[in-house]
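All of the numbers you see were taken from the coordinates with simple rules; none came from a lab. These numbers were taken from a predicted model, which means no experiment stands behind them. For neighbour counting, all protein chains shown are included, and Cβ atoms are generated from backbone atoms with ideal geometry for every residue, glycine included.
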Amino acid sequence: MSDAPVAVVTGGNRGIGLDVCRQLALLGHVVVLTARDARKAEQAAGWLGVEHHALDVTDDASVAALAAHLTRRHGRVDVLVNNAAIHYDTWQRASSADLGVVREAMETNFYGPWRTVLALLPLLRASRGARVVNVSSEAGSLASMGGGTPAYGTSKAALNALTLKLAAELPAMKVNAVCPGWVATDMGGAGGRPVEQGAASVVWAATLPDDGPTGGFFRDGERVAW
């Protein structure tokens, strides 16, 4: 097995996740790019020259299959980037939300990362000092939250809470939430900052030194109000 750090990125086939994979690979990580669609994962990984595996974070069997694969191939995970997310629901308001959409968002954006951490926890504990990065959003900040994007915002607020819970319970690891900012992606739409800049914010947390922070909410290395 290689001494290079092993990094797993969920939702890695496009946008921020894809560029996080690219940047981590350039830094010498063994990157495992995952995506719900196995073909898309393989194609994106081929562009970057990294490993790939299918992963549907809403499906217990899919997450277990990834864990088994990583156990056989690498025996540890040094970095987990929980990036997969859906439903940036700008068309909704909290007072009239479709709760079906909210449930779908929670399943992917909140339960998905939690499910993935639970499945990979033995591999993360096998690392000399794992880094878990939950890709969040200022839309999930209670300090600045409004009535818009109710599915996305509440799911990210829940993810922030999970970040604090895991950081408190897993002091041997660095567990942080990162807001990449408004980024020009399929989800974020046109007009945002470059994907590379948003991804760099995530990579910063994925490569923290041993004396770096844990249990924080950051954008570009600076704290964001909870």
Return the calculated 222 nm mean residue ellipticity for the chain, to the nearest 500 deg cm²/dmol, obtained by summing -39500 (n - 2.57) across DSSP H runs with n ≥ 4 and dividing by the residue count.
-13000 deg cm²/dmol
Compute the long axis of helix 150-169 from its Cα atoms, compare it with the longest principal axis of the Cα atoms of the chain, and write down the angle in degrees, 0 to 90, nearest 10.
40
Run the numbers on the chain and let me know its relative contact order in percent, using alpha-carbon pairs under 8 Å that are six or more apart.
19
Based on the Kirkwood radius over alpha-carbon pairs, what value in µm²/s does the Stokes-Einstein equation return for the translational diffusion coefficient of the range 1-116 at 25 °C and 0.890 mPa s?
167
Phi angles of the range 105-113, converted by Karplus (6.51 cos²θ - 1.76 cosθ + 1.60, θ = phi - 60°) into ³J(HN,Hα) in whole Hz with x for Gly and Pro, give 4, 5, 5, 7, 7, 10, 5, x, x
Cβ-based net charge around residue 48, under 15 Å, with every Lys or Arg adding one and every Asp or Glu removing one
-1
Antiparallel as a % of all DSSP beta bridges within the range 18-163, to the nearest 5?
10
Among [x] 16.1, 53; [y] 17.5, 54; [z] 22.9, 70, which one is Rg and Dmax of the Cα atoms in Å computed from these coordinates?
[x]
Round to the nearest 10 and give me the degree value, 0 to 90, for the angle of helix 15-26's Cα axis relative to the longest principal axis of the chain.
30
Amide H contacts of residue 126 (H built 1.01 Å from N, under 5 Å, at least 5 apart or other chain):
77
Does anyone have the angle between helix 195-206 and the longest principal axis of the chain? Alpha-carbon axes, 0 to 90°, nearest 10?
60
